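Here, each number is a calculation from the coordinates, and none is a lab measurement. Everything numeric in this text was worked out from a predicted model, so none of it was measured. With ideal geometry, Cβ positions are generated from the backbone for all residues, glycine too; neighbour counts draw on all protein chains shown.
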Amino acid sequence: MNHIVVTGGCGFIGSNFIRLMLETYPELSITNIDSLTYAGNLANLADIQESKRYQFQKGDICDRPFVDSILGKGNVDAIVHFAAESHVDRSILDSTPFVTTNVNGTLTLLDSCRSHETPRYVQVSTDEVYGSLGDEGFFTEETPLAPNSPYSASKAAADMLVRSYVHTFDFPAVITRCSNNYGAYQFPEKLLPLFISNARNDQSLPVYGTGENVRDWIHVLDHCRGIDAALRQGKVGEVYNFGGRTEMTNIALTRLLLKLLDKPDSLIKYVTDRPGHDQRYAIDCAKAESELNWSPQISFEQGLQETIDWYISNEEWIKNIQSGDYMTYYDQQYGGRLA
Ligand code: NAD
Ligand code: DAU
């Protein structure tokens, strides 16, 4: 594999993936297509922008002539599709961009790949398409799709389109579904970077509802290694789940963060719950372990400390974002920045 196209490479996971791939494969070159929405940030890849093996093309995955101009060059061995509207709270406030990018954008890519005979396609999806678990059990690749938010519904719709193209056109796709990622370069509307940033500034941490909702945390680089394994070894038409085997309630994670940052629990503020808030996500990743020889390598203890250290050493990165178009769901509900 010499040249791949990545969509959404200026976001959190895409930028980590591009950096990891360029480090891991000295012969590989990458074209990154990204429209630079509020979540896309050129600073995420500032360290590699001069690399001769990296090219950035600003553009929208819904723009077929633009996508054709990249995939039609004839040198593309694979496409790894990250670009999406990714934040559940925003999908509750306005679902339209989610359907536009996540559904129509994916369809545009599929059609362009078909007409240019792109040899390999990876759909980066999410465990949220499976819906919500009770206290017991895990999501497997056989779990029926039951998305609960407009975000997860749009991701499930995209997955169904990919599945239908495999079935109907022998389209060479695999789908990956991962649990909650954490690590460097995550947009600070998401729980971990938001809470680290707020705590550092002695601002409240808005915990939705009771804080008893459970997420399964995985380091972003473990997810990226899984996507790479699916890209190279995944069987066409198959789905691969990735998770970190690190289940935690939001309130336990919040208390742990405050302890590591040496800040008081009094910063915790319980706020109105997210509508339709999924109770629990937990991934069974046995298939990826046995078929892709993948397993998460980074312990939560080590990864969380390194992540905290990264946000502390990169406060300018967050400040530059916060001066732009940035509002959390909580801000939107209650007006203004959190006190
Ligand atoms: P992100 O919001 O940080 O980044 C999304 C990127 O896509 C941004 O750079 C944005 O500019 C770009 N983009 C959005 N719309 C576009 C369009 N129409 N055309 C071109 N570029 C566009 O998202 P993320 O957290 O890095 O997630 C990446 C992918 O991984 C998404 O598909 C998401 O559903 C999936 N995923 C995320 C997680 C997680 O925990 N963050 C877990 C599982 C799966
Ligand atoms: O599971 C994978 C998914 O993880 C990805 O598909 C999504 O793109 C990604 O955003 C993430 O979704 P979540 O909704 O789980 O992540 P978020 O960081 O928004 O919230 C994590 C949990 O914390 C969730 O239960 C809601 C809660 N929360 C979140 C925020 C932002 C709070 O209690 N307060 C907050 O301010």
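In this simple spin-label approximation, residue 140 and residue 49 carry label points 7 Å from Cα along the Cα→Cβ vector, and these lie 4.7 nm apart. Pairwise inverse Cα distances across region 91-136, averaged and inverted, put the Kirkwood hydrodynamic radius at 13.0 Å.
For the chain, what is the calculated [θ] at 222 nm in deg cm²/dmol (nearest 500), taking -39500 (n - 2.57) for each run of four or more DSSP H residues and dividing by its residue count? Before the final figure, lay out each step's value.
Numbers: 12 runs with 127 residues, N = 339.
Calculated at 222 nm, the ellipticity per residue is -11000 deg cm²/dmol.
Above 24 Å, the calculated P(r) of region 57-152 contains 33 percent of its Cα-Cα pairs.
So what's region 150-237 giving for Cα Rg divided by 2.2 N^0.38 Å, two decimals? Show your work: numbers first, answer last.
Working: Rg = 17.4 Å, N = 88, 2.2 N^0.38 = 12.1 Å.
Taking the Cα Rg and dividing by 2.2 N^0.38 Å, one obtains 1.44.
Sparse packing (at most 12 other Cβ atoms within 10 Å of the Cβ) combined with a DSSP loop state is found for the following trypsin sites (Lys or Arg not before Pro) in region 56-152: 73.
If Rh is defined by the Kirkwood formula over all Cα pairs and Rg also comes from Cα, what ratio Rg/Rh do you get for region 33-75? Before the final figure, lay out each step's value.
Values: Rg = 11.7 Å, Rh = 11.6 Å.
In region 33-75, Rg relative to Rh is 1.01.
Entry for region 1-119 at q = 0.19 Å⁻¹: log10 I(q)/I(0) = -1.00, Debye formula applied to identical alpha-carbon scatterers, no solvent contribution.
Extents of the chain, largest first, come to 57, 45, 37 Å (Cα atoms, principal axes, whole angstrom). Taking 20 °C and 1.002 mPa s as conditions, region 107-176 diffuses translationally at an estimated 164 µm²/s according to Stokes-Einstein applied to its Kirkwood radius (Cα pairs). As a length-normalised measure over Cα pairs under 8 Å and 6 or more apart, the relative contact order of region 58-139 settles at 43 percent. Taking max minus min of the alpha-carbon positions on each principal axis, region 1-50 gives extents of 32, 18, 18 Å, largest first. As a calculated quantity, the FRET efficiency between residue 73 and residue 270 at R0 = 41 Å, using C-beta atoms, amounts to about 0.20.
Sort out for me the Cα centre separation of region 180-212 from region 234-292, rounded to whole Å. So the two Cα centres are separated by 13 Å. The mean of 1/r over all pairs of different alpha-carbon atoms in region 90-236, once inverted, gives a Kirkwood hydrodynamic radius of 17.2 Å.
Over the chain, what is the relative contact order in percent, taking alpha-carbon pairs closer than 8 angstrom and at least six residues apart? Display every interim value, and only then the final one.
On the way: 625 pairs, mean separation 59.7, N = 339.
Normalised by residue count, the contact order of the chain is 18 percent.
Estimated translational diffusion coefficient (Stokes-Einstein, Kirkwood radius over Cα pairs, 10 °C, 1.306 mPa s) of region 215-305: 104 µm² per second. Quick one: longest stretch of the chain between exposed loop GluC sites (Glu not before Pro), exposed meaning at most 13 other C-beta atoms within 10 Å and loop per DSSP? Result for the longest clean stretch: 213-339.
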